[in-house]
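The values are calculated or read from the model by the stated rules, or taken from the named source; none is laboratory data. The shown structure was predicted, so the numbers you read here are calculated from the model rather than taken from an experiment. Every residue, glycine among them, receives a Cβ derived from its backbone with ideal geometry; neighbour counts consider all protein chains shown.
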Amino acid sequence: MKKADLLRFANTTVADLVGPGLKLLFVGINPGLQTAATGAHFAHPANRFYPALALGGITEQRINATGGYSKSDRHYLIERGVGITNIAERATAKASELSRTELQQGAIRLRERVDRWNPRVVAVVGITAYRTAFNQPRSTLGRQPDRWGNTTLFVLGNPSGLNAHETAASLAIAYSEAAKQAGIELFPQRAASC
C-alpha cells in the first residue's frame, strides 16, 4: 500500500487480539499505519515481531501479517494463549507522534484490561514508551520486580525495524523467556523458516 493510502488510517484504532485462556499478552506502543490498514498487529513488513515469535519457538512457523491476519493465524495465536494490544490506541506513522499524556492515559486503560483479562504474563515491547507511560524512568529490559495483581510483567525490546538495538534473534530470546514464564510450551527453534 502506498504511503498516501496509509495516511488515511492515521488516528484510527485496531481491535485487540485476545481470547479465552490468555497466557501471554504482548503490548505494543500503538498501532502503526500498516497495522491500522490491515487490522493485524505488527503488520509492517520490516517489523521483527513474527520472525522473533517463530525463532523463539512461540509459534511453529512464521506468521505473515503484512496483508492482515488469515482466519487460521488469528485462531492459532489465540489457541496458543498469545494476545496483542497496545498502550495507546491511536494509529500513527511514528510512535514519537504520541504525547506523554496519551501514553499515560493508555497505561491506565491497559491496567484495566489486564485486570479484566488476567493473563499470566504481560510483555510490553518498548522500554522508552514503558518508562514514559508508567512513570518508571529507571526501568530496564527484562522481568520487572512489580506484579500487576497475579500477572508477571516483562519489558522487552521493540520489534520495529527502526530499532537498531535489537535483531529478530535477540528478540526471540527475550520473548521466549516471557512465553516460558507464561506457561507456553515452546516449539524447537526454526531459524531456517524465518
Query raised in the report: Since Gly81 meets every condition but one in (1) closer than 27 Å to Ile173 by Cβ; (2) touching a Ser or Thr at 6+ places or on another chain (Cβ under 6 Å); (3) small (Gly, Ala, Ser), which condition does it not meet?
Result: (2)
Report task. Please work out if Ala164 is of a type outside the set (Asp, Glu), farther than 19 Å from Ile84 by Cβ and part of a helix (DSSP H, G or I). Result -> no
Requested in this report: For the range 19-39, name all the residues that are closer than 25 Å to Thr151 by Cα and crowded, with 18+ Cβ neighbours inside 10 Å.
Outcome: Leu22, Leu24, Leu25, Phe26, Val27, Gly28, Ile29, Asn30, Pro31
Query raised in the report: Only one of (1) under 21 Å from Ala40 (Cα atoms); (2) outside any loop (DSSP other than H, G, I, E, B); (3) of a type in the set (Gly, Ala, Ser) is not met by Ala88, so which one is it?
Result: (2)
Query - Within the range 108-151, tally of residues that are within 17 Å of the chain's Cα centre (by Cα), in a strand (DSSP E or B) and either at pLDDT below 95 or closer than 23 Å to Asn47 by Cβ (or both) - result: 6
Report summary line: Screening Tyr50, Tyr76 for residues that are out of contact with any Leu (no Cβ under 9 Å at 6 or more places or on another chain), in a helix (DSSP H, G or I), crowded, with 17+ Cβ neighbours inside 10 Å and modelled with pLDDT of 95 or more leaves only Tyr50
Query raised in the report: Residues in the range 95-140 that are of a type in the set (Lys, Arg) and touching a residue at least 24 places away in the same chain (Cβ under 8 Å): how many?
Result: 4
